[in-house]
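Undergrad: What follows is a single structure, and I will ask about it in a moment.
The values are calculated or read from the model by the stated rules, or taken from the named source; none is laboratory data. Just so it is clear, the structure is predicted and the values come from calculations on it, not from any experiment. Note that we place each Cβ from the backbone using ideal geometry, even for glycine, and neighbour counts take in every protein chain shown. Surface accessibility is based on the protein's heavy atoms, side chains included, excluding ligands, DNA and RNA. Shrake-Rupley method; radii C 1.70, N 1.55, O 1.52, S 1.80 Å.
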Amino acid sequence: MNGTGGPDVKRRTFLAASAAIPLVDLACKSQKVEFTFDGDLIGPSVDLGHAARDGDLPAPSSFEPIDVVIVGGGIAGLSAAWRLKGAGFEDFTLLELESGVGGTARSGRNGVSAYPLAAHYVVAPTRETVPMIRLLEEAGVIEGYDAKDEPIFGEEHLVRSPEERIFAVGQWWEGLYLHAGESPEDIRQYKAFFDEVDRWVLWRDAKGHRAFAVPRSKGSDDAEVRALDTMSFKDWLDARGLDSKRLRWLMDYACRDDYGARPETTSAWAGIYYFAARKSHPKEETRPVLTWPEGNGFLVNHLYERCKEQVRTGIAVTRITTENGKVKVLAWDAVQRCALGFAAKRVIFAGSMIMAGRVIPELARARGRAFFQEFLPSSWIVSNLTLRERPKEHFFSMAWDNVIRDGKGLGYVVDTHQSLRDHGPTVWTFYHALAGADIRSDWERLYSVSWRDCVRFILDDLRIAHPDLESCISRIDVMRWAHAMIRPRPHFMWSDVLEKARVPFQNIHFAHSDLSGFALFEEAQDHGLRAAEEVLQEFRKTFATWR
Amino acid sequence: MDDLEVLDTRSSQPLKASLLFISVFIIAACGLVYELVAGTLASYLLGDSVMQFSTVIGVYLSAMGLGSYLSKHIHKGLARRFVDLELAVALVGGFSAPILFLSFARTHAFRPSLYGIVVAIGVLVGLEIPLLMRILRHQVRFKDLIAQVLTLDYIGALAASLLFPLLLMPKLGLVRTSLAFGMLNAIVGLWSTYLLQSQIGPTFGLRLRSAVVLVFLAAGVIGANRFTLAAEEEIFTDEIVYAKDSPYQRIVLTRGRGSFQLFLNGNLQFSSADEYRYHEALVHPAFAVKPHAQRVLVCGGGDGLAVREILKHPEVKEVVLVDLDPLVTELATKMPLLRELNGGSLLDPRVKVINADAMVWIAERKGEPPFDIAIVDFPDPNTYAVGKLFTTRFYKLLKRQLAPDGVASIQCTSPLMARKSFWCIDATVEAAGFQARPYHLAVPSFSVWGFVLASPAPFDIPRHTLPNLRHLSDESMASMFVFPKDMDRVPVEVNRLDNQVLVHLYAEEWNRWS
């Protein structure tokens, strides 16, 4: 099974390809064009980001007094803004480095379809996940409630069947786990694993909390649950003799897909969380998924509509300091090319912890370098392939999520699936997590690859299932996400470091999925709401919690 | 005198008479095969096989007589003429089936082409035996010549008549059979340039011509393979007269037993023998509920047959037909066979044809006047892409395009063969906020077929329909709404975009019958 040939095989192949790039680039310049289609290599605004980090920009002429500055317009920052607005709190601004808000949930659009640039779905929440219910109700996704008071989701928002298919042994099959050709031992282990998951679904601590809840802050902190964080998911599986290749493939895929990690670099706590947190009862096979052509850009757009008067984009925050109880925020407006200053009563820092360490010097000093090293996020490549027609294929029909078992990437999502277009041009979004053990070297490689190299890598992967794909492609845009998501490593999910990161520092409150140890929409939202409600409390507003 | 002639030629130019007798056998078989091909093809395409075989045989035999008569005008170079003749038979006979199929599918002149080709082959075949006998008359005594040539002629005919139904038709089909026997004729021609070399003189030109004819025929066989696969021909019980892949589906038209059939991806869409039952039942009950309907939407139905029924209602002012496949609507307007059946309905000025995915189209249509009636005539839900057209989401979108008291009539597969699927669609229509009234009738080429009549407003079972329909009457309409026990309602889940239960139910139920 090539797909699970160990982390190093996969990474090494990719790295080997990327190592050759500068030479290849030179060699190709004067030669014939290798591909018949065009495309761009895009990524977050690195230069502006690094300029912000290096702090070598001019100082502002004045400091605008304001109650609250939210730094960062990802899901956490937008959720904080949404919460403040919801409490009638208006005197704040949200500063976003990029030209559009959304962070890793941003989206794009071309003449064929809207498409996600990264995060592309949320799991349909149960009644228990209160803030998601509120958000989805506002966005018109929930149509009503059933007899058990569980939400009824609009059909067009739920992922359209068929949801997933997998390419293995030369053909497409329905679902993500390949049941065809299982041995009795495979079947036994599959059942054993999910029996264990179901045990955790039913598990309750003394206070009646679930072991794993969404967001994780609603789950149990019981010692039995925390003990899972002391080992890797791989060790946990090994200890139970769960070595079925098929099962291990599924586990590996799950870790790469949700965490940008491998079972050996994932905490067993996070591994089981993936399967157990979403199930409301053992009988439920999986929770339905909500998705849109633009991925989570749908929810971003909704949140943005709620607070767009407060949002300023293209603003790089360069330094945050505290003086006389005021938080001074220095920033650079990349469009107007001028320095900005804010004197805020409170700041909600909704950027990554790495960024916090760079722009808040006092925090960096107080926590120390090692603290921030704990928050290295892993890298991803996300690519949008615009197809003028669909490749010919047989067997199980095209699904929303299409996974190639023996591929190096995570497969592709068909962005026209939700807009019901089953014929003609489409856009596919291809995902690849750089899940190597050494995150830093993955970063370096990511920045050394060219568009051509990425395209070669992507096509090699997709050709396994679609030999004639190339002639269908009209464009490939490749998005490099160097800081895509925090990795839920063993000994990290219940660490003091993580707990400390959530505590406000001077008058700065923190909100980011980093603070949960894994990057899920609900986690970012939870921290945004928490930080906003901490601030509301500081301003002595009366409010009922949204969490 | 006979003896002298024989002695003369034997001594000077000995011919391989026995080998030439083999040619007689082959050309006799070829001649009969062309006759059988023409007769079978005419029966398939026009029906009434007794009439078709009688006329084809009659015309063919008389044309042979004419050919025999004309043979007396050929005086010189008999051997060269014979080779040319074989090549002519090879071309006309070999390409007869493909030409006739094309003429049937693309022109109005099938009968003239049929009899024209039958006469041409008959005349050419009629020339063969007299010429060959004259070539051989110096080699063999006359009484032996007559005896041997005619014997082989009749035996060749017997061989062909046995091979044709037992081997050729089942294995090769009409097109490849006619092309293959064309090649045999051409081979006889080429072979004769060797056997009759002494009488022919320079052979290069003749051999080149033979080779060219063989190449043409071989190309025809390759083309035929591309047109239809032999395997596909086994699926269809009748002859394939048209087959083409559109970007959306494989379209096959077959013809046989006096009717023709349209298949999309191997699934029967209609048979001309009983489609009137289906389309009358699909269209007129909706008009019975809303008799003064002016604006009608048709989803699917690119064959134009539902529109034919809709246009029988004089108050209709506008029909919008949304069908995915431009090739289907093009066939419906251009192919004589189909245009005759639908009465040129899609060319009517009141009708607007839109080629789009109906679901995407109705989802995007906004701010335009609603329809009084919607006729929903999609293929059966055998893929997810079609299954989406039977979901609550589709019916909710459809409701937005209907007047508050508008009516939709929906084809819902067979309540007998696929009972759960049928009631699943019924339940889905109701779940989308319609009042649904299921009904059914027998369409022999399908089975018992089911429909749902649906309106956002309450309505009664319709009682009156147009006079002068072929099947439907006031009495028969009432009976359609009564379900016998073996087709009666069963509890089933609602079909939604996110579960697509119908596709699974449908596959399960229909697989039992195949």
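Undergrad: Among the residues in region A:162-178, are any modelled with pLDDT of 95 or more, open to solvent by less than 10 Å² (accessible area, probe 1.4 Å) and in contact with a His (Cβ under 7 Å, 6 or more places away or on another chain)?
TA: No - not one qualifying residue is present in region A:162-178.
Yes/no matrix, rows are residues, columns are (1) surrounded by fewer than 20 Cβ atoms within 10 Å (Cβ to Cβ); (2) in contact (Cβ under 8 Å) with a residue 40 or more places away in the chain:
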position	(1), (2)
B:Val83	no, yes
B:Glu86	no, yes
B:Ser96	no, yes
B:Leu100	no, yes
B:His108	yes, yes
B:Ser113	yes, no
B:Val118	no, yes
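Undergrad: Is it the case that A:Asp257 is within 18 Å of the chain's Cα centre (by Cα), in contact (Cβ under 8 Å) with a residue 40 or more places away in the chain and surrounded by fewer than 19 Cβ atoms within 10 Å (Cβ to Cβ)?
TA: Yes; evaluated as a whole, the condition is true for this residue.
Undergrad: Would you check which residues across region B:393-420 are surrounded by fewer than 21 Cβ atoms within 10 Å (Cβ to Cβ) and within 14 Å of another protein chain (Cβ to nearest Cβ) and list them?
TA: Across region B:393-420, the qualifying residues are B:Lys396, B:Arg400.
Undergrad: Right, here's the next one. Identify the single condition in (1) within 20 Å of A:Asp514 (Cα to Cα); (2) not in a loop (DSSP other than H, G, I, E, B) that A:Gly351 does not satisfy, given that it satisfies every other one.
TA: (2)
Undergrad: Tally up the residues in region A:86-103 that are among the polar types (S, T, N, Q) and either modelled with pLDDT of 95 or more or open to solvent by less than 20 Å² (accessible area, probe 1.4 Å) (or both), please.
TA: Going through region A:86-103 one residue at a time, the tally reaches 1.
Undergrad: While we're looking at this one, here's another question. Please determine, by comparing only the residues of region A:507-547 that are open to solvent by less than 10 Å² (accessible area, probe 1.4 Å) and part of a loop (DSSP other than H, G, I, E, B), which one is farthest from A:Phe212 (Cα to Cα).
TA: Filtering first and then ranking leaves A:Ala511.
Undergrad: How many residues are in a loop (DSSP other than H, G, I, E, B), within 32 Å of the chain's Cα centre (by Cα) and of a type in the set (A, V, I, L, M) if we restrict to region B:269-305?
TA: Residues meeting the conditions: 1.
Undergrad: Going residue by residue through region B:352-368, is there one that turns out to be out of contact with any Phe, Trp or Tyr (no Cβ under 7 Å at 6 or more places or on another chain), more than 13 Å from chain A (Cβ to nearest Cβ) and crowded, with 23+ Cβ neighbours inside 10 Å?
TA: no
Undergrad: Can you find a residue that is under 30 Å from B:Asn355 (Cα atoms), more than 14 Å from every other protein chain (Cβ to nearest Cβ) and open to solvent by 20 Å² or more (accessible area, probe 1.4 Å) anywhere in region A:474-486?
TA: Taking every residue of region A:474-486 in turn, at least one turns out to be under 30 Å from B:Asn355 (Cα atoms), more than 14 Å from every other protein chain (Cβ to nearest Cβ) and open to solvent by 20 Å² or more (accessible area, probe 1.4 Å).
Undergrad: Scan region B:460-490 for residues that are surrounded by 16 or more Cβ atoms within 10 Å (Cβ to Cβ) and within 19 Å of B:Cys412 (Cβ to Cβ) and report the count.
TA: 7
Undergrad: Another question, if that's okay. For the list (1) more than 14 Å from every other protein chain (Cβ to nearest Cβ); (2) touching a strand residue (DSSP E or B) at 6+ places or on another chain (Cβ under 8 Å), I need the number of the one condition that A:Val123 fails.
TA: (1)
Undergrad: Against the definition (buried (at least 17 other Cβ atoms within 10 Å of the Cβ) and either assigned by TED's automatic domain parsing to the domain that holds B:Ile200 or on the phi > 0 side of the Ramachandran plot (or both)), how does B:Gly122 come out, yes or no?
TA: Criteria met by B:Gly122.
Undergrad: Select from region A:415-448 the residues that are under 28 Å from A:Pro293 (Cα atoms) and away from chain B (no Cβ under 14 Å) and list them in ascending order.
TA: A:Asp415, A:Val427, A:Trp428, A:Thr429, A:Phe430, A:Tyr431, A:His432, A:Ala433, A:Leu434, A:Ala435, A:Leu446, listed by residue number.
Undergrad: Can you name the residue in region A:130-184 that is β-branched (Val, Ile, Thr) and in a helix (DSSP H, G or I) and, of all such residues, is nearest to the other protein chains (Cβ to nearest Cβ)?
TA: A:Ile133
Undergrad: Regarding region A:143-153, can at least one residue be identified that is crowded, with 18+ Cβ neighbours inside 10 Å and either farther than 28 Å from A:Arg421 by Cβ or of a type in the set (D, E, K, R) (or both)?
TA: no
Undergrad: Go through region B:488-514 and give me each residue that's of a type in the set (Asp, Glu), within 26 Å of A:Val159 (Cβ to Cβ) and in a loop (DSSP other than H, G, I, E, B).
TA: Hits for region B:488-514 are B:Glu493, B:Asp498.
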